[in-house]
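Novice: There's a structure below that I have some questions on.
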Amino acid sequence: MQYLFSPERVIFEEKALSYPLGKELYDKFSQSNIPMEIRSSMRVTDLAGKNPAEKYRRAKKILAVTVKKSLSFSTCKPSAHYQLPLSTSCPGLCEYCYLQTTLGRQPYIRVYVNIEEILETAQKYINKRIPQTTLFEASATSDPLALEPWTGSLFKTIEFFGKQEHGLLRFVTKFTAVDYILSAKHNNRTRVRFSLNTAHIIKNHERGTPSLEHRLNAAAKIASAGYPLGIILAPIFIYSGWEEDYENLLKVIKRKIPSHQEKVLTFELITHRFTKRAKNIILERFPQSLLEMEENKRQFKWGQFGYGKFLYKKEDLGKLKNYFRENISTFFPEAKIEYFI
Ligand code: SF4
């Protein structure tokens, strides 16, 4: 099943209309009933809604078509060398999403029309590090596959990396619009990772996203198109029955993924963590949330950006690490665990 994001409102930055993709999007949306407007500056402060929860949901239905101004790419540890910004925010409503904090009061969705300039910049970053290979992450601030049916930017980016000897692309998604990229000449230079979780976590905390079954069907199609495939289990939670649920999840993945892919399959494992600020924002936007964020069940650690996070306690992290190491090597002996954090 393909999820087509349908915005409630589309706002065009005037300058975006001078780019081919901006013009193309303007023409596409002109044929729909979706309200459109053109603004000279892109700051969207007039978010509709009576309370933070409603404002957030409504904002996630706004699509801003804009120009990426800063072409200086941020670093992207631990998954890549640099971020590759094709879009910001996404239509999903995952309660724990870290973009809630980083985007603050501006959670609306932005797509960047200056794709040629973005790829030219990527080329410069690649050239600077030759003979080393440079790895780019296209989903550090967004889920780019969710917006692909409108923009086609991921397809272009995949084909750009398909021609690179020293550049690799990766992105992660919970969405399923894979038909839009299946025919791209990826040349094995793009790794597509699916963010998966137990049915319990998806149902309770990953609102507005496709089901596990639909994500796995999309992953199987990606594998059949020969893309290197990855699985991100994130965030990993400890809750009553987690061991059995994650084991079942690994079994379902095993059934769905073609066995020839196991040699190149990667896993990235990210345990749940939160900041005090994130907790406040989440409870404001999802007042009924059942997300476990009890400080006394966690250890507090200062991070590299000058603020602290609540991680699982050392003994819990040890338990999780062993559990996933053992189970992944049982079900996928040839797969690689890239990192556990
Ligand atoms: S799909 Fe990813 S980017 Fe979108 S809300 Fe969920 S966690 Fe955030």
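The values are calculated or read from the model by the stated rules, or taken from the named source; none is laboratory data. Note that the structure is predicted; figures quoted are calculated from it, not measured. Every residue, glycine among them, receives a Cβ derived from its backbone with ideal geometry; neighbour counts consider all protein chains shown.
Novice: Restricting to the stretch 204-226, what's the tally of residues that are away from the ligand (no atom under 14 Å from the Cβ) and either part of a loop (DSSP other than H, G, I, E, B) or of a type outside the set (A, V, I, L, M) (or both)?
Specialist: Looking only at that region, the number is 6.
Novice: Does Phe324 fit the bill of being part of a helix (DSSP H, G or I), within 14 Å of Ile238 (Cβ to Cβ) and aromatic (Phe, Trp, Tyr)?
Specialist: Answer is yes for this residue.
Novice: Right, next: If you check Pro91, Pro78, which single one turns out to be closer than 25 Å to Asn197 by Cβ, more than 16 Å from the ligand (Cβ to nearest atom) and not β-branched (Val, Ile, Thr)?
Specialist: Being closer than 25 Å to Asn197 by Cβ, more than 16 Å from the ligand (Cβ to nearest atom) and not β-branched (Val, Ile, Thr) holds for just one of Pro91, Pro78, which is Pro78.
Novice: Additional query: Determine whether Glu148 is assigned to a helix (DSSP H, G or I), without any contact (Cβ under 8 Å) to a residue 12 or more places away in the chain and closer than 27 Å to Ser211 by Cα.
Specialist: For Glu148, the condition - assigned to a helix (DSSP H, G or I), without any contact (Cβ under 8 Å) to a residue 12 or more places away in the chain and closer than 27 Å to Ser211 by Cα - is not met.
Novice: What helices (runs of 4 or more DSSP H) lie completely within the stretch 20-133 and have 1 or more residues being within 30 Å of Phe237 (Cβ to Cβ) and in contact with a helix residue (DSSP H, G or I) (Cβ under 9 Å, 6 or more places away or on another chain)?
Specialist: Hits in the stretch 20-133: 52-59, 99-102.
Novice: So Asp179 ticks every box in (1) surrounded by fewer than 19 Cβ atoms within 10 Å (Cβ to Cβ); (2) closer than 26 Å to Tyr98 by Cα but one. Which box is left unticked?
Specialist: (2)
Novice: Need pairs with beta-carbon distance below 7 Å; first residue farther than 18 Å from Tyr246 by Cα and of a type outside the set (D, E, K, R) and within the stretch 189-201, second modelled with pLDDT of 95 or more and part of a helix (DSSP H, G or I); sequence gap 6+ or separate chains.
Specialist: Thr190/Ile158; Thr190/Phe161; Val192/Ile222
Novice: Within the stretch 158-176, which residues are among the aliphatic types (A, V, I, L, M) and within 16 Å of the ligand (Cβ to nearest atom)?
Specialist: The one that is among the aliphatic types (A, V, I, L, M) and within 16 Å of the ligand (Cβ to nearest atom): Val172.
One line per residue, one yes/no per condition, for (1) surrounded by fewer than 18 Cβ atoms within 10 Å (Cβ to Cβ); (2) modelled with pLDDT under 95:
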| position | (1), (2) |
| --- | --- |
| Arg207 | yes, yes |
| Asn217 | yes, no |
| Pro235 | no, no |
| Tyr239 | yes, no |
| Leu249 | no, no |
| Arg255 | yes, yes |
| Ser259 | yes, yes |
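Novice: While we're on this one: If Gln123 satisfies every condition in (1) closer than 16 Å to Arg170 by Cα; (2) crowded, with 17+ Cβ neighbours inside 10 Å; (3) not β-branched (Val, Ile, Thr) but one, which is the exception?
Specialist: Every condition holds for Gln123 apart from (2).
Novice: Could you please find all residues in the stretch 256-291 being out of contact with any Phe, Trp or Tyr (no Cβ under 7 Å at 6 or more places or on another chain), closer than 24 Å to Phe340 by Cβ and assigned to a loop (DSSP other than H, G, I, E, B)?
Specialist: Result: Ile257, Val264.
Novice: Right, here's the next one. So, in the stretch 177-195, how many residues would count as being within 16 Å of the ligand (Cβ to nearest atom) and either part of a loop (DSSP other than H, G, I, E, B) or farther than 16 Å from Pro144 by Cα (or both)?
Specialist: 1
Novice: For the stretch 95-148, name all the residues that are hydroxyl-bearing (Ser, Thr, Tyr) and either within 16 Å of the ligand (Cβ to nearest atom) or within 18 Å of Leu71 (Cα to Cα) (or both).
Specialist: Scanning the stretch 95-148 gives Tyr96, Tyr98, Thr101, Thr102, Tyr108, Tyr112, Thr121, Tyr125, Thr134, Ser139, Thr141, Ser142.
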